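Participant: Have a look at this one before I ask anything.
The values are calculated or read from the model by the stated rules, or taken from the named source; none is laboratory data. Just so we're clear, the structure is a prediction, and the values are computed from it rather than from any experiment. So basically every Cβ, Gly included, is an ideal-geometry build from the backbone, and we count neighbours across all protein chains shown. Ligands, DNA and RNA are stripped out before the accessible areas are found, and what is left, the full protein with its side chains, is counted by its heavy atoms. Shrake-Rupley method; radii C 1.70, N 1.55, O 1.52, S 1.80 Å.
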Amino acid sequence: MELRHLRYFVGVAEELHFARAAARLGISQPPLSQQIAALEQELGVRLFDRTSRSVRLTSAGAAFLGEARATLAQAERAVDVAHRAARGELGQLNLGFNASAPFVPRIAKAIFDYRQAYPDVKLALTELAGRVQPTALTDHALDLCFVRGFHRPDVDATIQATPILEERLMVAMRPDHRFADRADLGLRDLEGEPLILYSREDGATFTQELFEMLRGVGVEPNMAHTVREVSTLFGLAAAGIGVTVVAESLCALQSSKLVYVPLSDPESRTGMWLLHLRDGASLTCRAFLDIVAASAA
């Protein structure tokens, strides 16, 4: 039994007239009558009572009509699903990001625009430290990811790294801190200053790169406390445990208990990078990359 047999049957059942059904289906009447007869023979039941003046459904034909319509509708849905999947409108996108990525307006907008354009794609968001994200890409646990870094990420040739933005570094502190009224600070001003930073054991590259930056100007970091969460980072700074250094986009987390002073050294900048595999990117991944590219334009 073929789908065309079901279409022929439904056409005749709805018209109850072979000539009109043939015209509607775009075939001549004799082949239509032959196909209906062949269908009845295959099923072993009579679907229509036919006379020279009328055509009507038998009880078996009436029961078969609903199932035939359902089968045709399911077939159409299957075709539609295949076409939508081929356009990247269905499936899953596995997106990794570091803790500060959602606070970058361009990244937040790209995610929002993607959800609006592809509402039927399951968006799986995973927060991971920057050092483990490239491995997740090569293991196909992620389709793409956002990584923060002072320099271009050190990844192998199979991974494409695209710069998303560059921004200043800011020192967050209590309003009563001795630096709170300064217009800017230099890295050397942090000599001996208690620092609250992300734990390096969690794979965060930010802390390691900041240490290298400080040591590059002769400052040995004075680590007061390490944290794993952004909220803890700001909470401890507000409690006066020390100061913290963050990307400027994180200043969106305004608090009456903190002030932000920019670092003025030319090297006191950090970037956000979008990583994905150069080859074999999924359709959903390519669709997201198009949206990111459009936001840049």
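Participant: What percentage of the solvent-accessible surface of the chain, computed with a 1.4 Å probe over protein heavy atoms, is contributed by carbon and sulfur atoms?
Facilitator: So the carbon and sulfur contribution to the accessible surface is 51 percent.
Participant: Rg(Cα) of the range 224-276 divided by 2.2 N^0.38 Å?
Facilitator: Ratio of Rg to 2.2 N^0.38 Å for the range 224-276: 1.27.
Participant: Evaluate the distance, in nm, between pseudo-label points positioned 7 Å from the Cα of Ala252 and of Arg178 along their respective Cα→Cβ axes.
Facilitator: It works out to 3.5 nm between the two label points.
Participant: Let me ask another. Considering amide H positions built from the backbone, and no H for Pro or chain starts, which residues 5 or more places from Leu165, or on another chain, come under 5 Å of its amide H?
Facilitator: Close amide H contacts, sequence-distant or interchain: Met272.
Participant: Quick one: accessible area per residue over the chain, 1.4 Å probe, rounded to a whole number of Å²?
Facilitator: 51
Participant: In nm, give the distance between the simple-model label positions of Val81 and Gln208, each being 7 Å from the Cα along the Cα-to-Cβ direction.
Facilitator: 4.4
Participant: Check which residues have an amide H placed less than 5 Å from Met223's amide H, if you skip close sequence neighbours.
Facilitator: For Met223, the qualifying residues are Leu195.
Participant: Take the alpha carbon gyration tensor of the range 113-171, find the square roots of its eigenvalues, order them as a ≥ b ≥ c, and report rounded if a/c is under 1.5; if not, report prolate when a/b exceeds b/c, else oblate.
Facilitator: Taking the square roots of the gyration eigenvalues as a ≥ b ≥ c, the range 113-171 is oblate.
Participant: Around Gln35, what is the net charge, scoring Lys/Arg as +1 and Asp/Glu as -1 over all other residues with Cβ under 13 Å from its Cβ?
Facilitator: Neighbour charge sum, excluding Gln35 itself: -1.
Participant: Still on this structure, I have one more. Which of rounded, prolate, oblate describes the range 158-297, given a ≥ b ≥ c as roots of the alpha-carbon gyration tensor eigenvalues and a/c under 1.5 marking rounded, otherwise prolate only if a/b is larger than b/c?
Facilitator: Prolate, since a/c reaches 1.5 and a/b exceeds b/c.
Participant: Right, another one. Starting from the Cα of Ala281, step 7 Å along the direction of its Cβ; do the same at Ala63; then give the gap between the two resulting points in nm.
Facilitator: 5.5
Participant: Then there's this: Run through the DSSP bridge list for the chain and note the antiparallel percent, rounded to the nearest 5.
Facilitator: Around 60 percent antiparallel, to the nearest 5.
Participant: Okay, moving on. Quick check: the angle from helix 205-216's long axis to the longest principal axis of the chain, C-alpha only, nearest 10 degrees?
Facilitator: The answer is roughly 30 degrees.
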